[in-house]
Structures are given as C-alpha cells and as structure tokens.
Amino acid sequence: MEHRYIYADNAATTPVSDAVLEAMLPYFQTNYGNPSSIYAKGRENERAVMDARARVAACLGAQPGEVFFTGGGSESDNWAIKCTADRLAAQGKKHIITSVFEHHAVLHTCEYLEKHGFAVTYLPVGDKGLIDPADVEAAIREDTALVTIMYANNEIGTIQPIPEIGEICHAHKVLFHTDAVQAVGNVEIDVKAQHIDMLSLSGHKLHAPKGVGALYVRKGIQLPNLIHGGGQEMGRRAGTENVPGIIGLAKAMEIATAGIPEKIARLTPLRDMLIDGILQIDQTRLNGDREHRLCGNVNVSIVGVEGESLLLMLDHFGIAASSGSACTSGSLDPSHVLLSLGLIHEVAHGSLRLSLGSDFTKDDAAYVLSVIPQVVDRLRAMSPMWESICKEGRRLV
Ligand SMILES: *Cc1c(COP(=O)(O)O)cnc(C)c1O
C-alpha cells in the first residue's frame, strides 16, 4: 500500500506557516531591540508591536487598545476568569457560569475559584454538545460575576450560539467571556456584534508559534493584572514583549481570518466524506452535532477498539490523530467532553478525532478511509470486549 504522512491533529497544534516564519525572522537577529528602550532599535519594535495589536484587533472587530498579548490561550483564560472573579467578588458577586465541556484552562480555573469561595454553575451540553442559551439565562443570578462559554469545542468541534449567549448576558448586565481558541480562523468573529466582553485566542492553533496568544478585553472593563511587573501591554500585562511571536500572531490572524470562507468551502465536503465513510463501519457514531461544527473536525466513537491502540496503528500508517484532547492522554478516564455527551465509558474509550488542516486533500481523505477499516478490523479481532459484544448481539451505539 502507498505510504503517506497525514497530520490530522490541527486542533492540538499547527505548524508555523512560511509566511508567518518569514514575518517573524527579522525580529530575532536584526530587530531585536526591547520595545521599552528609547533608541531607534527599541522604538522600531514598539511600533511593530503597536501595528500588530491594531491588526489583531481588526480581525476581531475590536479597537487596538482592547487587545492584550499574552503567553497563549491558557494564560488568557486564567487572566479573564480569575481577575474578573477577584474584582467582582469585592462587589459581592461570587457566582460564575460555565459549561461542563470547557477546555481545562477554563474548567480547572473555575474549580480553583470554587475552592476559594466562589459558586460555579456547570451547564450541561446535551447529547449533541451544544449549549442552550435558555439554560444560560436560567442560571444567571443576582450575584453572577461572569459567564464563560467556549466558542468551539476543541474535541468535538461543536460551535456554540455565542451571539445569543452574549445578548442574554448583556441584557442581564453580566460579563461574558469566550475561549475562542478553536474558533478563530474558522468562524467569523465580531466581538461587538456578538456581544463578547472578553475573548481568548492562541497563536499555535492557527499557524503562529507556541507560547503567544491574546486576550480581547472590551474598553471600560477594569480587568486587574494577572502578571505584575513592568508597564508593558498598556500596564496590564508585565514582561518584555515576545516581539517575534506577536508579529507572527498578527500575520497568522490576518491569513486565517481572510481565509475562512475558502477554508469552509474546501474542508466541509472532505470532513463529511470522512464522517460518512467511517460511519459505514458497524457500531460507530459521530460525536457532536453535525451541522454546528468546525469544518475540519471529525470525532467518532468506534465500539470495540481502544483509542490509544487505534492512534498507534494509525501512526504506523502515517496518520497523526488524537483520541480526545491531548491533555487527557496519560489519564485512564475517558475525556470529560465525551462523557458530557452521555457516552458510556466503553464508547468514549473508542473515540477518534481527526482535525484537518487547510492543505488536507481528497486523496488524503481517501487514504484515511482505506486505512481505518482495516485497522479497526485488526483491533476488533484482538478485542475480548468486541468478541463478547458480538456473542451477546449487543449494540452500544
Ligand atoms: C489549545 C487550547 C487552549 C490552550 O491554549 P494554549 O495556547 O495551548 O495555552 C485553550 N482552549 C482551547 C479551546 C484550546 O483548544
């Protein structure tokens, strides 16, 4: 059989693109000045960071003064949630609303706040992995400080009704934060029209480097600092700027947001081809709503196989995929996202996520679909669990 290498784990991270690398390179060895320095080499870099800030803001429908560069998606989430909680607790508001299937950067932050006297409501996401805006409204209380709901789920790719949730929050005068790390470059985002007060994004999910991200904070919101020190980022986030990273992030954001319609048009049919092809296998299911779904996300459960073994076999065939979130590997429990859909452990354990890059082709899809059925056959042939399921004639999905 032909051999290829197909990277289908773009929800975990992406390679830095040529255009992004090229934009960054001068800032390592030529334009290395500290943006806070007074001489020309410093001032040049101060200007470059300002320019990058304006470009990132433009991609979100925000003002330049509303964008703060951070060390990535996790930091942005921590900052938005912990520091809003700190500030509003002083006004007696100690309640936060989130969902059960957030990224751990949000979930673990909320759990931390629970240990420090906050009450947190974790909204259910139903069997399709979608949050009902009516549930958000019903959960809002007098003392609600913040609603934080992710824009698109990193494991199952479902896109949440963010504008509707934002509108509800604003009608009740509650701050609204969204972790949009998976949505930026896949969904058209306009923070003003969509009633978003704070938004987290990360560079390495959109072909910029790891370790750089941004937090949008709507003008007028007094968000205290998470990181104290120097006066960088308009005094709100200390630390000498990651200038090459910031330049790369701006370039990547421009390319990603300009390419959304084309990416959706190209990847949606390939995603659907993969989903339909895999669902031909007996006892399989699609995880997450099909319609409100990122154009590059395939997440299926295959009964009778074990996710990790499936990944190793696919790797052998040159296919890099994931079985849930990268952060959950190393733990024996199936991912909290799959369990939140109501899947039983046996079904959640046999899950496979393929997250496609913009360069994924129809040939790649055909290759993946030629490999998966044989790999599944082989794994099922070795599985005592599959044997007993077949003997008893049970159907788990
Ligand atoms: C990757 C990811 C993060 C974390 O971003 P980092 O830049 O890796 O810290 C947060 N939220 C979601 C939804 C993600 O996919």
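The values are calculated or read from the model by the stated rules, or taken from the named source; none is laboratory data. None of the values given here were measured: they were computed from a predicted structure. Because the Cβ atoms are built from the backbone with ideal geometry, glycine has one as well, and the counts that use them run over all protein chains shown.
Worth a mention:
- Selection within the range 102-119 - crowded, with 18+ Cβ neighbours inside 10 Å and either more than 22 Å from GLY73 (Cα to Cα) or over 18 Å from the mean Cα position of the chain (by Cα) (or both): LEU113, PHE118
- Taken across the range 32-45, residues that are more than 17 Å from ARG218 (Cα to Cα), in contact (Cβ under 8 Å) with a residue 40 or more places away in the chain and within 16 Å of the ligand (Cβ to nearest atom) do not occur at all.
- Residue list for the range 349-365, restricted to those being touching a residue at least 60 places away in the same chain (Cβ under 8 Å) and surrounded by fewer than 17 Cβ atoms within 10 Å (Cβ to Cβ): THR361, LYS362
- Residue satisfying all of: in the range 171-207; part of a loop (DSSP other than H, G, I, E, B) and within 10 Å of the ligand (Cβ to nearest atom); surrounded by the most Cβ atoms within 10 Å (Cβ to Cβ) among these: GLN182
- Filter result for LYS82 (at pLDDT 95 or above, charged (D, E, K, R) and in contact with a Phe, Trp or Tyr (Cβ under 7 Å, 6 or more places away or on another chain)): no
- Residues (of a type in the set (Lys, Arg) and outside any loop (DSSP other than H, G, I, E, B)) located in the range 237-289: LYS251, LYS263, ARG266, ARG271, ARG285
- Qualifying residue in the range 39-48 (condition: assigned to a strand (DSSP E or B) and in contact with an Asp or Glu (Cβ under 9 Å, 6 or more places away or on another chain)): no
- Within the range 158-178, the set of residues being farther than 14 Å from GLN194 by Cα and touching a helix residue (DSSP H, G or I) at 6+ places or on another chain (Cβ under 9 Å) comprises HIS172, VAL174.
- Residues considered: LEU338, LEU314. Of these, the only one that is touching a Ser or Thr at 6+ places or on another chain (Cβ under 9 Å) and part of a helix (DSSP H, G or I) is LEU338.
- Among the residues here, ILE344 does not qualify as closer than 26 Å to ARG4 by Cβ, among the hydrophobic types (A, V, I, L, M, F, W, C) and more than 18 Å from the chain's Cα centre (by Cα).
- The criterion of being among the small types (Gly, Ala, Ser), out of contact with any Leu (no Cβ under 6 Å at 6 or more places or on another chain) and assigned to a loop (DSSP other than H, G, I, E, B) holds for GLY230.
- The range 280-327, residues that are within 16 Å of the chain's Cα centre (by Cα), at pLDDT 95 or above and more than 25 Å from MET382 (Cα to Cα): GLY288, HIS292, ARG293, LEU294, CYS295, GLY296, ASN297, VAL298
- Check on GLY245, touching a Leu at 6+ places or on another chain (Cβ under 8 Å), of a type outside the set (Val, Ile, Thr) and surrounded by 20 or more Cβ atoms within 10 Å (Cβ to Cβ): no
- The set of residues from the range 61-87 being more than 16 Å from the ligand (Cβ to nearest atom) and either of a type in the set (Asp, Glu) or in a helix (DSSP H, G or I) (or both) comprises PRO64, GLY65, GLU66, CYS83, THR84, ALA85, ASP86, ARG87.
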